[in-house]
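Novice: After the C-alpha cells below, expect a handful of questions from me.
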Amino acid sequence: METNDIPKTPADPEMARLEALSKLLDNQFRIPGTNMRFGLDGLMGLVPYLGDMSGFVVSGFLMRTMAKKGASPWMMLRMMFNYIIDAVFGVVPIVGDLFDFGFKANRRNVEMLKAYYADGSIKPNAKRSVAFLGLLFLVLFGALIWAIWKLAALLLAWVYAGFSG
C-alpha cells in the first residue's frame, strides 16, 4: 500500500477552533515592515484592569476546551502556569503591555497541546481534574483582581501624594 492510499483523517474541529482563537489572541496582526506579530490579547491589555481581566477570562475558555480535549492534569497545570505568568506580568503598566505582546500564552498552550497529541497514543481522561483546575482558576482570578486593586490603590496614593506635597 502506497502512502497516497492511506485515508486522511479529517481535521479536528475543536483543535481548529483552538488554533483560530490563539491566532486571534496572539498573532493576528503584523507590525508593518517587521516580522513582529500581536493579537487581541496584547491590545486588550492596553486597557487598564479590564483588558487584563478579559484576556484572563478568554484564556479560561481556551483552557476549558483544552481540558475537554483530554489534556492530562500535569499538562493543564503547565498551561495554567502560562496564563498566570501572562496575567501577573500583564498588570504592570507599560512593561506588562510589552510583555503581553511577546509572551503569547495562548499560542504556547496550543503548541503544547499539539505536541502532546503528536505521538497518537491514547491520552487519559481529564474530566476528574477539571473541577480542581476550575476552582484553582477562580482562586487565581480572585487573587489577580485583589492584586490589581492593591496596585491601583498604591498608584493612586502615589499620584495623590505627588500632587498634594
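Novice: Between MET15 and ALA143, what's the calculated FRET efficiency when r is the beta-carbon distance and R0 is 35 Å? Round to 0.05.
Specialist: The value I calculate is 0.70.
Novice: Here's another thing I want to ask about it. Of LEU138, ALA71, VAL47, which is farthest towards the positive pole of the range 11-164's charge dipole, taken about the Cα centre with +1 and -1 on the beta-carbons of Lys, Arg and Asp, Glu respectively?
Specialist: Toward the positive end, the furthest listed residue is ALA71.
Novice: A further question follows. Give me the distance in nm between label points sitting 7 Å out from Cα along the Cα-to-Cβ direction at SER164 and MET112, one decimal.
Specialist: 4.4
Novice: Here's a follow-up. Restricting to lysines 8 or more places apart or on different chains, can you count the pairs in the range 11-164 with Cα atoms under 18 Å from each other?
Specialist: Count of close lysine pairs: 10.
Novice: Arrange the peptides 98-107, 132-141, 31-40 so that the one whose residues have, on average, the most other Cβ atoms within 10 Å appears first.
Specialist: Values: 98-107: 19.9, 132-141: 14.5, 31-40: 12.1.
The most tightly packed comes first, giving 98-107, 132-141, 31-40.
Novice: By the gyration tensor of its Cα atoms, with a ≥ b ≥ c the square roots of the eigenvalues, what is the shape of the range 11-164: rounded for a/c under 1.5, prolate for a/b over b/c, or oblate?
Specialist: Since a/c reaches 1.5 but b/c is at least a/b, the shape of the range 11-164 is classed as oblate.
Novice: Sticking with this structure for a sec: If R0 is 22 Å, what FRET efficiency do you get for SER72 and ARG37 from their C-beta distance, rounded to 0.05? Don't jump to the answer; show the numbers that get you there.
Specialist: Numbers: r = 29 Å, r/R0 = 1.33.
It comes out at approximately 0.15.
Novice: Same structure again: How high is the FRET efficiency from ASN27 to VAL57, r the C-beta distance, R0 22 Å, rounded to 0.05?
Specialist: The pair ASN27/VAL57 has a calculated efficiency of 0.65.
Since every read-out is calculated from the coordinates, none of them should be taken as a lab result. Nothing here was measured: the structure is a model prediction, and the numbers come from that model. Using ideal geometry, Cβ is built from the backbone for each residue, glycine included, and neighbour counts are taken over all protein chains shown.
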